[in-house]
Amino acid sequence: MIRFEKVTKRYQDGTTAIKSINLEIREGEFFVIIGPSGCGKTTLLKMMNRLIELTDGTIFVFNKKIRDYNIHELRWNMGYVLQQIALFPHMSIEENIAIVPELKKWNNEKIRQRTDELLEMVGLPPEKYRGRKPKELSGGEQQRVGVIRALASDPGIVLMDEPFSALDPISREKLQDDILELQRKIHKTIVFVTHDMQEAIKLGDRICIMKGGEIVQVGTPKELIESPVNEFVREFVGMQSVRGKENIRLENIIDQLMTSQSPSSPSVTIPASSSLREALILLTEHEQLLVEKEGQIIGSITRQTALQFMADGLQERGDGNG
Ligand code: ADP
(Lines give C-alpha, C1' and ligand atoms only; values in the text may rest on other atoms or scores of the structure.)
Protein backbone atom coordinates (compact mmCIF):
# COMPACT_ATOMS: atom_id res chain seq x y z
CA MET A 1 0.00 0.00 0.00
CA ILE A 2 2.71 2.47 1.06
CA ARG A 3 6.24 1.22 0.51
CA PHE A 4 9.52 2.92 1.35
CA GLU A 5 12.62 1.69 -0.46
CA LYS A 6 15.92 2.95 0.90
CA VAL A 7 14.44 6.35 1.60
CA THR A 8 16.79 9.05 2.87
CA LYS A 9 16.06 12.66 3.74
CA ARG A 10 18.84 15.19 4.12
CA TYR A 11 17.83 18.75 4.90
CA GLN A 12 19.70 21.68 3.33
CA ASP A 13 21.74 22.29 6.45
CA GLY A 14 23.11 18.75 6.20
CA THR A 15 20.89 17.14 8.86
CA THR A 16 20.11 13.57 7.84
CA ALA A 17 16.63 13.14 9.29
CA ILE A 18 15.86 9.78 7.66
CA LYS A 19 18.55 7.20 6.94
CA SER A 20 17.85 4.71 4.16
CA ILE A 21 14.58 3.41 5.51
CA ASN A 22 12.73 0.37 4.16
CA LEU A 23 9.15 0.04 5.29
CA GLU A 24 5.86 -1.38 4.13
CA ILE A 25 2.52 -0.16 5.42
CA ARG A 26 -0.33 -2.53 4.61
CA GLU A 27 -3.74 -1.76 3.26
CA GLY A 28 -6.35 -1.16 5.96
CA GLU A 29 -3.97 -1.20 8.91
CA PHE A 30 -3.66 1.30 11.71
CA PHE A 31 0.06 1.99 11.60
CA VAL A 32 1.62 4.01 14.41
CA ILE A 33 5.01 5.72 14.22
CA ILE A 34 6.59 6.51 17.57
CA GLY A 35 9.96 7.60 18.92
CA PRO A 36 11.67 10.37 20.86
CA SER A 37 11.51 13.97 19.73
CA GLY A 38 13.69 14.63 16.68
CA CYS A 39 13.89 10.99 15.57
CA GLY A 40 12.28 11.77 12.20
CA LYS A 41 8.59 10.86 12.66
CA THR A 42 7.15 14.00 11.09
CA THR A 43 9.67 13.94 8.27
CA LEU A 44 8.73 10.35 7.47
CA LEU A 45 5.02 11.19 7.46
CA LYS A 46 5.29 14.34 5.38
CA MET A 47 7.35 12.61 2.72
CA MET A 48 4.32 10.40 2.00
CA ASN A 49 2.20 13.30 0.73
CA ARG A 50 5.23 15.20 -0.56
CA LEU A 51 4.97 18.05 1.88
CA ILE A 52 8.65 17.17 2.25
CA GLU A 53 10.56 15.90 -0.80
CA LEU A 54 12.82 12.94 -0.25
CA THR A 55 16.52 13.04 -1.08
CA ASP A 56 17.19 9.42 -2.07
CA GLY A 57 15.19 6.27 -2.57
CA THR A 58 11.59 5.73 -3.60
CA ILE A 59 8.16 5.79 -1.99
CA PHE A 60 5.35 3.86 -3.66
CA VAL A 61 1.66 4.42 -2.99
CA PHE A 62 -0.63 1.80 -4.51
CA ASN A 63 2.43 0.53 -6.37
CA LYS A 64 3.00 3.85 -8.11
CA LYS A 65 5.98 6.08 -7.31
CA ILE A 66 4.76 9.19 -5.52
CA ARG A 67 6.78 11.41 -7.83
CA ASP A 68 4.76 10.04 -10.77
CA TYR A 69 1.50 11.29 -9.27
CA ASN A 70 -0.03 14.63 -10.00
CA ILE A 71 0.52 16.28 -6.61
CA HIS A 72 -3.16 17.20 -6.16
CA GLU A 73 -4.26 13.71 -7.00
CA LEU A 74 -1.80 12.35 -4.46
CA ARG A 75 -2.91 14.71 -1.69
CA TRP A 76 -6.63 14.35 -2.32
CA ASN A 77 -6.22 10.65 -1.84
CA MET A 78 -4.46 11.14 1.46
CA GLY A 79 -6.36 12.79 4.27
CA TYR A 80 -4.11 14.76 6.61
CA VAL A 81 -4.76 15.66 10.24
CA LEU A 82 -2.47 17.91 12.23
CA GLN A 83 -1.96 18.49 15.93
CA GLN A 84 -3.60 21.90 15.81
CA ILE A 85 -6.09 21.54 13.05
CA ALA A 86 -6.65 24.77 11.27
CA LEU A 87 -10.34 25.03 10.54
CA PHE A 88 -11.13 28.13 8.50
CA PRO A 89 -12.66 30.48 11.07
CA HIS A 90 -15.12 32.27 8.78
CA MET A 91 -16.50 29.11 7.26
CA SER A 92 -19.16 26.94 8.83
CA ILE A 93 -18.37 23.42 10.01
CA GLU A 94 -20.11 22.03 6.96
CA GLU A 95 -18.11 24.26 4.61
CA ASN A 96 -14.89 23.28 6.33
CA ILE A 97 -15.61 19.60 5.87
CA ALA A 98 -16.63 20.12 2.25
CA ILE A 99 -13.39 21.69 1.05
CA VAL A 100 -11.91 18.70 -0.74
CA PRO A 101 -15.26 17.35 -2.01
CA GLU A 102 -15.88 20.84 -3.51
CA LEU A 103 -12.48 20.76 -5.18
CA LYS A 104 -13.37 17.36 -6.54
CA LYS A 105 -16.60 18.88 -7.85
CA TRP A 106 -19.01 16.61 -6.05
CA ASN A 107 -22.62 17.79 -6.36
CA ASN A 108 -24.25 19.60 -3.44
CA GLU A 109 -26.53 16.80 -2.47
CA LYS A 110 -23.68 14.30 -2.25
CA ILE A 111 -21.63 16.77 -0.19
CA ARG A 112 -24.49 17.40 2.25
CA GLN A 113 -25.06 13.68 2.63
CA ARG A 114 -21.39 12.97 3.23
CA THR A 115 -21.00 15.82 5.73
CA ASP A 116 -24.00 14.69 7.75
CA GLU A 117 -22.88 11.10 7.73
CA LEU A 118 -19.42 12.04 9.01
CA LEU A 119 -20.70 14.39 11.72
CA GLU A 120 -23.05 11.63 12.81
CA MET A 121 -20.15 9.15 12.97
CA VAL A 122 -18.22 11.20 15.52
CA GLY A 123 -21.22 12.07 17.64
CA LEU A 124 -21.82 15.64 16.49
CA PRO A 125 -25.51 15.87 15.49
CA PRO A 126 -25.50 17.50 12.03
CA GLU A 127 -28.58 19.66 12.54
CA LYS A 128 -26.90 21.23 15.53
CA TYR A 129 -23.32 21.47 14.29
CA ARG A 130 -23.23 21.86 10.53
CA GLY A 131 -24.01 25.59 10.54
CA ARG A 132 -21.76 26.55 13.45
CA LYS A 133 -18.46 28.39 13.16
CA PRO A 134 -15.30 26.69 14.49
CA LYS A 135 -15.04 29.03 17.51
CA GLU A 136 -18.44 27.78 18.67
CA LEU A 137 -16.94 24.32 19.22
CA SER A 138 -14.74 23.02 22.04
CA GLY A 139 -11.15 21.99 21.30
CA GLY A 140 -12.10 18.32 21.27
CA GLU A 141 -15.03 18.95 18.94
CA GLN A 142 -12.86 20.98 16.57
CA GLN A 143 -10.33 18.17 16.48
CA ARG A 144 -13.12 15.76 15.65
CA VAL A 145 -14.09 17.97 12.74
CA GLY A 146 -10.44 17.96 11.68
CA VAL A 147 -10.47 14.18 11.60
CA ILE A 148 -13.66 13.91 9.56
CA ARG A 149 -12.57 16.68 7.23
CA ALA A 150 -9.58 14.50 6.37
CA LEU A 151 -12.00 11.66 5.58
CA ALA A 152 -14.50 13.74 3.65
CA SER A 153 -13.57 12.82 0.11
CA ASP A 154 -13.09 9.20 1.07
CA PRO A 155 -9.31 8.99 0.69
CA GLY A 156 -7.72 5.56 0.87
CA ILE A 157 -5.06 6.77 3.28
CA VAL A 158 -5.19 9.10 6.26
CA LEU A 159 -2.03 10.62 7.72
CA MET A 160 -2.24 11.91 11.29
CA ASP A 161 0.51 13.87 12.99
CA GLU A 162 0.00 13.84 16.76
CA PRO A 163 -3.66 14.71 16.22
CA PHE A 164 -4.71 14.43 19.86
CA SER A 165 -1.67 15.67 21.72
CA ALA A 166 -3.00 19.19 22.33
CA LEU A 167 -6.13 17.86 24.02
CA ASP A 168 -6.91 17.31 27.68
CA PRO A 169 -6.67 13.65 28.78
CA ILE A 170 -10.42 13.05 28.77
CA SER A 171 -11.11 14.44 25.29
CA ARG A 172 -8.04 12.59 24.16
CA GLU A 173 -9.27 9.22 25.36
CA LYS A 174 -12.67 9.89 23.88
CA LEU A 175 -11.17 10.74 20.51
CA GLN A 176 -8.95 7.66 20.61
CA ASP A 177 -12.07 5.56 21.17
CA ASP A 178 -13.83 7.41 18.35
CA ILE A 179 -11.05 6.88 15.88
CA LEU A 180 -10.94 3.16 16.65
CA GLU A 181 -14.68 2.93 16.22
CA LEU A 182 -14.44 4.92 13.00
CA GLN A 183 -11.64 2.74 11.69
CA ARG A 184 -13.79 -0.32 12.26
CA LYS A 185 -16.44 1.15 9.98
CA ILE A 186 -14.30 2.63 7.24
CA HIS A 187 -11.20 0.41 7.08
CA LYS A 188 -8.81 3.11 5.90
CA THR A 189 -5.07 2.82 5.98
CA ILE A 190 -4.14 5.14 8.83
CA VAL A 191 -0.60 6.31 9.50
CA PHE A 192 -0.48 7.91 12.91
CA VAL A 193 2.44 9.73 14.56
CA THR A 194 2.61 9.99 18.34
CA HIS A 195 5.16 10.16 21.13
CA ASP A 196 2.83 8.49 23.60
CA MET A 197 3.31 4.74 23.99
CA GLN A 198 -0.07 4.27 25.69
CA GLU A 199 -1.72 5.79 22.66
CA ALA A 200 0.38 3.68 20.30
CA ILE A 201 -0.51 0.46 22.07
CA LYS A 202 -4.16 1.32 22.23
CA LEU A 203 -4.52 2.31 18.58
CA GLY A 204 -1.91 0.50 16.56
CA ASP A 205 -2.31 -2.72 14.64
CA ARG A 206 1.42 -2.34 14.19
CA ILE A 207 3.85 0.10 15.74
CA CYS A 208 7.08 1.38 14.23
CA ILE A 209 9.65 2.54 16.78
CA MET A 210 12.20 5.03 15.46
CA LYS A 211 15.43 6.45 16.76
CA GLY A 212 17.88 8.82 15.11
CA GLY A 213 16.31 8.62 11.65
CA GLU A 214 16.21 4.84 11.63
CA ILE A 215 13.63 2.18 12.35
CA VAL A 216 14.46 0.16 15.43
CA GLN A 217 11.53 -2.26 15.37
CA VAL A 218 8.18 -2.73 13.67
CA GLY A 219 5.67 -5.06 15.29
CA THR A 220 2.29 -5.56 16.84
CA PRO A 221 1.81 -4.16 20.34
CA LYS A 222 2.14 -7.68 21.67
CA GLU A 223 5.40 -8.34 19.81
CA LEU A 224 6.95 -5.11 21.07
CA ILE A 225 5.97 -5.83 24.65
CA GLU A 226 6.99 -9.46 24.58
CA SER A 227 9.97 -9.47 22.24
CA PRO A 228 11.71 -6.10 22.16
CA VAL A 229 14.73 -6.30 19.83
CA ASN A 230 16.96 -4.32 22.15
CA GLU A 231 17.26 -2.34 25.34
CA PHE A 232 15.99 0.85 23.71
CA VAL A 233 12.69 -0.76 22.73
CA ARG A 234 12.44 -2.56 26.04
CA GLU A 235 12.78 0.70 27.90
CA PHE A 236 10.55 2.63 25.56
CA VAL A 237 7.78 0.08 25.81
CA GLY A 238 8.65 -1.64 29.03
CA MET A 239 8.33 1.26 31.39
CA GLN A 240 4.70 1.25 30.56
CA SER A 241 4.19 -2.40 29.82
CA VAL A 242 1.75 -3.17 32.61
CA ARG A 243 -0.45 -0.21 31.84
CA GLY A 244 0.31 -0.88 28.21
CA LYS A 245 -1.04 -4.37 28.55
CA GLU A 246 -4.28 -3.03 29.89
CA ASN A 247 -4.67 -1.02 26.71
CA ILE A 248 -4.18 -3.98 24.42
CA ARG A 249 -7.23 -4.90 22.38
CA LEU A 250 -8.68 -8.34 23.02
CA GLU A 251 -8.53 -9.28 19.35
CA ASN A 252 -4.75 -8.96 19.47
CA ILE A 253 -4.29 -11.42 22.31
CA ILE A 254 -7.27 -13.71 22.01
CA ASP A 255 -5.09 -16.72 21.21
CA GLN A 256 -3.41 -16.29 24.58
CA LEU A 257 -6.58 -15.78 26.51
CA MET A 258 -8.53 -18.73 25.15
CA THR A 259 -9.83 -21.12 27.73
CA SER A 260 -10.95 -24.66 27.09
CA GLN A 261 -13.82 -24.14 29.50
CA SER A 262 -17.16 -24.19 27.76
CA PRO A 263 -19.13 -20.97 28.10
CA SER A 264 -20.99 -20.62 31.35
CA SER A 265 -24.48 -19.28 31.02
CA PRO A 266 -25.88 -16.74 30.95
CA SER A 267 -22.96 -15.55 28.87
CA VAL A 268 -21.88 -11.96 28.62
CA THR A 269 -20.27 -10.86 25.37
CA ILE A 270 -17.66 -8.17 24.84
CA PRO A 271 -16.52 -6.75 21.48
CA ALA A 272 -13.09 -7.96 20.33
CA SER A 273 -12.02 -4.35 19.93
CA SER A 274 -12.41 -3.69 23.67
CA SER A 275 -9.31 -3.25 25.78
CA LEU A 276 -8.14 -5.74 28.33
CA ARG A 277 -8.92 -3.10 30.93
CA GLU A 278 -12.56 -3.03 29.88
CA ALA A 279 -12.64 -6.80 30.05
CA LEU A 280 -11.10 -6.78 33.54
CA ILE A 281 -13.77 -4.39 34.76
CA LEU A 282 -16.53 -6.68 33.47
CA LEU A 283 -14.73 -9.68 34.91
CA THR A 284 -15.14 -8.29 38.40
CA GLU A 285 -18.83 -9.13 37.99
CA HIS A 286 -18.80 -12.05 35.58
CA GLU A 287 -16.86 -15.30 35.62
CA GLN A 288 -16.37 -15.43 31.88
CA LEU A 289 -16.78 -13.22 28.83
CA LEU A 290 -17.38 -14.26 25.24
CA VAL A 291 -15.37 -12.24 22.76
CA GLU A 292 -17.34 -11.18 19.72
CA LYS A 293 -16.09 -9.95 16.38
CA GLU A 294 -18.38 -9.16 13.46
CA GLY A 295 -21.19 -11.23 14.91
CA GLN A 296 -19.00 -14.28 15.65
CA ILE A 297 -17.71 -15.51 18.97
CA ILE A 298 -13.96 -15.81 18.50
CA GLY A 299 -13.04 -16.89 22.00
CA SER A 300 -13.61 -16.43 25.67
CA ILE A 301 -11.79 -14.98 28.66
CA THR A 302 -12.00 -15.80 32.31
CA ARG A 303 -10.79 -13.76 35.23
CA GLN A 304 -7.98 -16.21 35.70
CA THR A 305 -6.61 -16.11 32.15
CA ALA A 306 -6.80 -12.32 32.07
CA LEU A 307 -4.94 -11.95 35.35
CA GLN A 308 -2.37 -14.53 34.29
CA PHE A 309 -1.72 -12.49 31.15
CA MET A 310 -1.15 -9.35 33.23
CA ALA A 311 1.13 -11.20 35.62
CA ASP A 312 3.30 -12.55 32.81
CA GLY A 313 4.06 -8.96 31.98
CA LEU A 314 5.34 -8.37 35.48
CA GLN A 315 7.69 -11.32 35.33
CA GLU A 316 9.06 -10.28 31.95
CA ARG A 317 9.92 -6.91 33.36
CA GLY A 318 11.72 -8.49 36.25
CA ASP A 319 9.68 -6.59 38.79
CA GLY A 320 10.30 -7.13 42.47
CA ASN A 321 13.56 -5.23 42.92
CA GLY A 322 15.30 -7.85 40.77
P1 ADP B 1 10.15 14.24 15.05
O2 ADP B 1 8.88 14.44 14.30
O3 ADP B 1 10.42 12.82 15.37
O4 ADP B 1 10.26 15.11 16.27
P5 ADP B 1 11.38 15.54 12.77
O6 ADP B 1 11.04 14.72 11.61
O7 ADP B 1 10.61 16.81 12.97
O8 ADP B 1 11.36 14.67 14.09
O9 ADP B 1 12.91 15.96 12.68
C10 ADP B 1 13.96 15.02 12.45
C11 ADP B 1 15.29 15.72 12.44
O12 ADP B 1 15.37 16.61 11.33
C13 ADP B 1 15.56 16.58 13.67
O14 ADP B 1 16.91 16.49 13.97
C15 ADP B 1 15.19 17.97 13.20
O16 ADP B 1 15.89 18.94 13.93
C17 ADP B 1 15.60 17.94 11.75
N18 ADP B 1 14.80 18.84 10.91
C19 ADP B 1 13.44 18.86 10.79
N20 ADP B 1 13.06 19.79 9.89
C21 ADP B 1 14.20 20.39 9.44
C22 ADP B 1 14.50 21.43 8.49
N23 ADP B 1 13.50 22.03 7.82
N24 ADP B 1 15.78 21.76 8.30
C25 ADP B 1 16.76 21.12 8.96
N26 ADP B 1 16.58 20.15 9.85
C27 ADP B 1 15.31 19.76 10.10
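Remarks
- Cβ-based net charge around Ser138, under 12 Å, with every Lys or Arg adding one and every Asp or Glu removing one: +1
- In the range 35-87, the chymotrypsin sites (Phe, Trp or Tyr not before Pro) that fall in loop regions by DSSP, at most 15 other Cβ within 10 Å: Phe62
- Using alpha carbons only: equivalent-ellipsoid semi-axes of the chain, gyration tensor based, whole Å: 34, 28, 17
- Antiparallel %, DSSP beta bridges [both residues in the chain], to 5: 55 percent
- The range 266-287-the range 116-132 distance, computed between alpha-carbon centres (Å): 31 Å
- The portion of the accessible surface of the range 2-237 made up by carbon and sulfur, rounded to a whole percent, is 47 (1.4 Å probe; DNA, RNA and ligands excluded).
- Checking every one of the GluC sites (Glu not before Pro) in the range 32-131 against DSSP loop status and a limit of 12 other Cβ atoms within 10 Å picks out Glu53.
- Direction-averaged projected area, Cα convex hull, the range 43-83: 3.0 nm², rounded to one decimal.
- Gain on full stretching of the segment that runs from Met310 to Thr269 - 0.36 nm per residue minus C-alpha separation: 12.7 nm
- Pairs over the 26 Å Cα-Cα cut-off, from the set Lys64/Lys222; Lys46/Lys110; Lys188/Lys293: Lys64/Lys222; Lys46/Lys110.
- Only DSSP H runs of four or more residues enter the estimate; each adds -39500 (n - 2.57), and after division by the residues of the chain the mean residue ellipticity at 222 nm equals -11500 deg cm²/dmol.
- Counting Lys and Arg as +1 and Asp and Glu as -1 over every other residue whose Cβ lies under 13 Å from the Cβ of His286, the net charge comes to -2.
- A 1.4 Å probe, protein heavy atoms only, puts the accessible area of Lys174 near 100 Å².
- Compactness of the range 1-57, expressed as Rg and Dmax over alpha-carbon positions, Å: 11.3, 37
- Convex hull volume per residue in cubic angstrom - Cα atoms of the range 94-240: 123 Å³
- A straight Cα-to-Cα reach below 15 Å connects Lys133 with the aspartates and glutamates Glu94, Glu95, Glu141, residues fewer than 8 places away in its own chain not being considered.
- The Cα atoms of the range 1-135 define a convex hull whose projected area, averaged across directions, is 10.3 nm².
- Restraint check, Lys65/Lys135; Lys19/Lys105; Lys104/Lys185, Cα-Cα greater than 32 Å: Lys65/Lys135; Lys19/Lys105
- Simple spin-label estimate for Asp177 and Arg50 in nanometres, 7 Å along Cα-Cβ: 4.1 nm
- Rounded to the nearest 20, the Cβ-based charge dipole of the range 108-222 about its Cα centre (Lys and Arg +1, Asp and Glu -1) stands at 220 debye.
- Counting 0.36 nm for each residue step from Ile186 to Asn107 and taking away their Cα separation leaves a gain of 26.2 nm.
- Neighbourhood charge, 10 Å Cβ-Cβ cut-off, centred on Gln183 and excluding it, Lys, Arg +1 and Asp, Glu -1: -1
- If you plug the beta carbon distance of Lys19 and Phe88 into 1/(1 + (r/R0)^6) with R0 = 45 Å, you get a FRET efficiency near 0.75.
- Residue separation of Ile298 and Gln198 scaled by 0.36 nm, minus their Cα-Cα distance, works out to 33.5 nm of gained length.
- For the pair Glu117 and Asp68, a Förster radius of 41 Å applied to the C-beta separation gives a FRET efficiency near 0.80, rounded to the nearest 0.05.
The values are calculated or read from the model by the stated rules, or taken from the named source; none is laboratory data. Predicted model, so just to flag it, every value in this text is computed and none were measured. When we count neighbours, we look across all protein chains shown, and the Cβ atoms used for this are built from the backbone with ideal geometry, even at glycine. Quick note on the areas: whole protein, heavy atoms, side chains included, nothing else; ligands and nucleic acids left out. Shrake-Rupley method; radii C 1.70, N 1.55, O 1.52, S 1.80 Å.
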